Amino acid sequence: MDLKFGPVFEKKPGQPVIIAGPCSAESEEQVLKTARALAKQNIDLFRSGIWKPRTRPGSFEGVGVIGLKWLQTVKKETGLPVTTEVANREHVFEALKHGIDVLWLGARTTVNPFSVQEVADALKGVDIPVMIKNPINPDVKLWMGAIERIAKAGISKIAVIHRGFSSFGSSKYRNEPRWQLTIELKRRIPDLQIICDNSHICGRRDTLAMVAQRAMDLQMDGLMTEVHPNPDEAWSDAAQQITPATFGKLVKGLKVRSVSTDDVEFLEHIDDLRNQIDHVDNELMDLFGKRMKLAESIGKYKKKNNISILQANRWNEILEQSVAKGREKGLSDGFVTQVLTAMHQESINHQTKIMNTKSKEANKKKVHP
Ligand code: PEP
Ligand code: MN
């Protein structure tokens, strides 16, 4: 599908887009207090949840429409543009009625094409910038699908928010970042602006700065962080919210690296290193090809002698040898194991094909018994 939309934010060179505000609007005072402090820090967009998708019933589900009025006051008083999450038709109508500047789709909405389509239909004929969070499961196609549905509704400014992916079991993250998925999305839509929601990735305060820096290092376009005047008392996501002052320090501490430079010496050096990498990658492909030919010869030999493909002892030996060799070269055990497992699987596939191909003689016999 030909996606025709532009960026949501006008970016200043070398500066990330900053979106901040409380997880949920709780009272007019709490919203305004946060907004006033953040306006002093020149953030780009003020966030606040009005309708909250909670995992279990009985948790605070948001203040609803009254919160939109508080956001209007934020706009009037501080001049900051405001954004909130919408998940259905009614949310869209109310948000538009109250002059919300940017809408976002939450992770639990992106995951459901019916909900995304409902929001898209409600947006037909209106042009308001929309940010789309990743679905809770690591599925780039589902994320793309939501972008396509919103773009098809005629929305001309779209950005995405990376808030990490749900996983089973304990992890240092609330939602695993799985950065490679955002890199893949950027490969598919190169001009797409990606905002990192470090709050929902981390789920705790002490790793927020580290994840924000990682996002900058990966050329993400900005940050969305939950900020609350009294984080411990927050009605939702208390463990991950920080005060405006802490947030100010986090942003000041970020090192934003530029994508390119016109420093000729730098460019030549990096060009030289990249050429060397291309050369090594080429050699690697030659070696993989050579290894596969050997595996095929073994396959033919095994077939002739009626020996099974998988030789567990031999596989263990290869793995152990390579992990040890990898360690000498500074490669992690995990990396070596992953590469070898993929290579081994490819060999098995090639050998299985050989085992299951009937020889010409056998085929002839079948046709002319
Ligand atoms: C939020 O931004 O407060 C929120 C509910 O996020 P997510 O959709 O990423 O869970
Ligand atoms: Mn939240």
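Taking region 218-272, which residues are of a type in the set (Phe, Trp, Tyr) and within 16 Å of ligand 2 (Cβ to nearest atom)? Steps first, answer last, please.
Pass one, region 218-272, residues of a type in the set (Phe, Trp, Tyr): 235, 247, 266.
Scanning region 218-272 gives Trp235, Phe247.
Does Leu45 satisfy the condition of being surrounded by fewer than 19 Cβ atoms within 10 Å (Cβ to Cβ) and either within 16 Å of ligand 1 (Cβ to nearest atom) or at pLDDT below 95 (or both)?
The answer is no for Leu45.
Looking at region 81-97, which of the residues that are in contact with a Gly (Cβ under 9 Å, 6 or more places away or on another chain) and hydrophobic (A, V, I, L, M, F, W, C) is farthest from Ile128 (Cα to Cα)?
Ala87
May I ask you to say which residue of Ile19, Ile43, Ile100 is in contact (Cβ under 8 Å) with a residue 24 or more places away in the chain, within 16 Å of ligand 2 (Cβ to nearest atom) and not in a helix (DSSP H, G or I)?
On the way: Ile43 fails: within 16 Å of ligand 2 (Cβ to nearest atom); Ile100 fails: within 16 Å of ligand 2 (Cβ to nearest atom).
Answer to the check: Ile19.
So Ser166 fits all but one of (1) open to solvent by less than 60 Å² (accessible area, probe 1.4 Å); (2) within 13 Å of ligand 1 (Cβ to nearest atom); what number is the exception?
Single failed check for Ser166: (1).
Taking the residues in region 83-115 that are among the hydrophobic types (A, V, I, L, M, F, W, C) and away from ligand 1 (no atom under 14 Å from the Cβ) as candidates, determine which candidate is most open to solvent (accessible area, probe 1.4 Å).
Restricting attention to region 83-115, the residues satisfying the condition of being among the hydrophobic types (A, V, I, L, M, F, W, C) are 86-87, 92-93, 95-96, 100, 102-105, 107, 111, 114.
Checking which are away from ligand 1 (no atom under 14 Å from the Cβ) leaves us with 92-93, 95-96, 100, 114.
On the way: Val92: 0, Phe93: 110, Ala95: 0, Leu96: 54, Ile100: 9, Phe114: 177 Å².
This residue is Phe114.
Starting from residues that are more than 30 Å from Asn356 (Cβ to Cβ) and either in contact with a strand residue (DSSP E or B) (Cβ under 9 Å, 6 or more places away or on another chain) or β-branched (Val, Ile, Thr) (or both), keep the ones in region 266-300 and report whichever is surrounded by the most Cβ atoms within 10 Å (Cβ to Cβ).
Result: Ile270.
Can you confirm whether Lys325 is assigned to a helix (DSSP H, G or I), in contact (Cβ under 8 Å) with a residue 40 or more places away in the chain and either open to solvent by 100 Å² or more (accessible area, probe 1.4 Å) or more than 16 Å from ligand 1 (Cβ to nearest atom) (or both)?
Considered against the rule, which asks whether it is assigned to a helix (DSSP H, G or I), in contact (Cβ under 8 Å) with a residue 40 or more places away in the chain and either open to solvent by 100 Å² or more (accessible area, probe 1.4 Å) or more than 16 Å from ligand 1 (Cβ to nearest atom) (or both), Lys325 comes out as no.
What do you reckon, is Val119 over 22 Å from the mean Cα position of the chain (by Cα) and outside any strand (DSSP E or B)?
Considered against the rule, which asks whether it is over 22 Å from the mean Cα position of the chain (by Cα) and outside any strand (DSSP E or B), Val119 comes out as no.
Exactly one condition in (1) modelled with pLDDT under 95; (2) farther than 30 Å from Lys4 by Cβ; (3) within 19 Å of the chain's Cα centre (by Cα); (4) not small (Gly, Ala, Ser) is not met by Leu218; state its number.
Against the list (1) modelled with pLDDT under 95; (2) farther than 30 Å from Lys4 by Cβ; (3) within 19 Å of the chain's Cα centre (by Cα); (4) not small (Gly, Ala, Ser), Leu218 comes up short only on (2).
Among the candidates Ile161, Ile147, Ile132, which residue alone is open to solvent by less than 10 Å² (accessible area, probe 1.4 Å), away from ligand 2 (no atom under 16 Å from the Cβ) and under 13 Å from the mean Cα position of the chain (by Cα)?
Going through Ile161, Ile147, Ile132 in turn, the sole match is Ile132.
The values are calculated or read from the model by the stated rules, or taken from the named source; none is laboratory data. The model shown is predicted, which means the values in this text are computed figures rather than measured ones. Methodologically, a virtual Cβ is constructed for each residue, glycine included, from the backbone with ideal geometry; neighbour enumeration extends over all protein chains shown. To get the accessible areas, we keep the full protein, side chains included, count just its heavy atoms, and leave off ligands, DNA and RNA. Shrake-Rupley method; radii C 1.70, N 1.55, O 1.52, S 1.80 Å.
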